[in-house]
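The structure appears below as structure tokens.
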Amino acid sequence: MSFYTKTYAQRAEAHPSPAAKQLLETIERKKSNLCVSVDVTRKADFLAVIDFVGPFVCLVKTHIDIIEDFDHDLVEQLQVLSKKHDFLIFEDRKFADIGNTVSLQYSSGVHKIASWSHITNAHPVPGPSVITGLASVGKPLGRGLLLLAEMSTKGSLAVGSYTEEAVKMARANKDFVIGFIAQRRMDGVGLADGEEDADFLILTPGVGLDTKGDGMGQQYRTPRQVIVESGCDVIIVGRGIYGNPKALDRDSVRSQAERYMKEGWNAYLERIGK
Ligand code: 5BU
């Protein structure tokens, strides 16, 4: 069975994971499948961009370790913005170590990611123990994990049987894994005869309307290519929205966010035949 033509609302209703359900409900409520990736290095800029784009997004993606003046107040303000604008938080941490180490990286240290991030992600490269380690911390908190089944970069090694094994690992751990960072739908990939598929969410970076790449390996596709042609569920956009972090302009950031939100939503309507 394919989830391609199901609505976000239908999928929210049936989804067993609290984190996936929350995200699908937020998408439906805000009519936005846009996740903004806020890759700026100053706390003030980080919070400003999030406040600008907040009304247009279902999810804000962070790289918390690039913030130079990180402090606990940043996390509190991020949580206030998440409530004010009704979006979830996704720390793009890309965990990739043994279970014990990732459980500590997730729960502890300066950032204490599990305490504030609804969703995080991991490379499948260590095998299923990376999921077990993260689940020991995140599951009791109702968090969700995405596995990196594919990447948007030129020459990525996450292809073929690596991707297929990632999907199988997710199916064996669907009480905590809610989906993938990938470039296409994974319904049916590596599915055994008679095995039932799970409703995995596909979140997709490498989305841009005005350029094809960034000269550092990133490759961009349009929201329509991602949502309609490849069947992904959430578009992740960074620089296409906030532009040059040294020259942030409120109106331009807001209008770009609105532009990507509309493109993403119209692509979804086309996909479900509305
Ligand atoms: P951009 O400014 O839209 O290129 O930012 C894309 C973001 O998504 C950035 O934070 C990357 O770390 C992240 N990303 C990606 O671009 N491609 C991938 O395959 C993965 C993450 Br996984």
**OP:** With the Cα gyration tensor of region 185-274 in hand, give its eigenvalues times 5 under a square root as the equivalent ellipsoid semi-axes, listed largest first in whole angstrom.
**Re:** 30, 16, 10
**OP:** State, to one decimal in nm, how far the label point of residue 153 lies from the label point of residue 219, with both points 7 Å from Cα in the Cβ direction.
**Re:** 1.4 nm
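Express the relative contact order of region 3-57 as a whole percentage, based on alpha carbon pairs under 8 Å and six or more residues apart in sequence. Walk me through the intermediate numbers first.
On the way: 32 pairs, mean separation 15.4, N = 55.
Worked out over region 3-57, it gives 28 percent.
List the trypsin sites (Lys or Arg not before Pro) in region 54-115 that DSSP assigns to loop (not H, G, I, E or B) and whose Cβ has at most 14 other Cβ atoms within 10 Å. Which are they? Mind showing how you got there, number by number?
Numbers: sites: 61, 83, 84, 93, 94, 112; in loops: 112.
Filter output for region 54-115: 112.
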Original post:
Roughly what would the spin-label model give for residue 68 and residue 192, points 7 Å off Cα along C-beta, in nm?
Top reply: 5.3 nm
Original post:
Between residue 29 and residue 164, what is the spin-label point distance in nm, taking each point 7 Å from the Cα along the Cα→C-beta axis?
Top reply: 4.1 nm
Subject >> Added length on full extension, which subtracts the Cα-Cα distance from 0.36 nm per residue, residue 141 to residue 212 >> reply: 21.7 nm
Subject >> the chain, relative contact order in percent, only Cα pairs under 8 angstrom and at least six apart counted >> reply: 20 percent
Original post:
For region 25-78, rounded, prolate or oblate, judged on the Cα gyration tensor with a ≥ b ≥ c (square roots of eigenvalues), a/c < 1.5 rounded, else prolate if a/b > b/c?
Top reply: prolate
Original post:
Can you put 26, 132 in order, fewest other beta carbons within 10 Å first?
Top reply: 132, 26
Original post:
What pairs in 30/112; 31/112; 31/246; 61/112 have C-alpha atoms more than 23 Å from each other?
Top reply: 30/112; 31/112; 31/246
**OP:** Specify, per residue and in Å³, the volume enclosed by the convex hull of the alpha carbon atoms belonging to region 54-205.
**Re:** 123 Å³
Original post:
Which one of 28, 13, 91 has the biggest mean-square fluctuation once the chain is modelled by GNM with Cα springs under 10 Å?
Top reply: 13
**OP:** Pairs of Cα atoms under 8 Å, at least six residues apart: use those to get the relative contact order of region 157-234, whole percent.
**Re:** 28 percent
Original post:
Which semi-axis lengths, in whole Å and largest first, follow from the square roots of five times the eigenvalues of the Cα gyration tensor of the chain?
Top reply: 26, 23, 18
Subject >> Estimated translational D of region 131-178 in µm²/s (Stokes, Kirkwood radius over Cα pairs; 20 °C; 1.002 mPa s) >> reply: 185 µm²/s
Original post:
Just 259, 224, 185 to compare: in a GNM of the chain, with alpha carbon springs under 10 Å, which one fluctuates most?
Top reply: 259
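Since every read-out is calculated from the coordinates, none of them should be taken as a lab result. Since the model is a prediction, treat every value here as computed from it, not as a measurement. Counting neighbours? That spans all protein chains shown, and the Cβs are built from the backbone with ideal geometry, glycine included.
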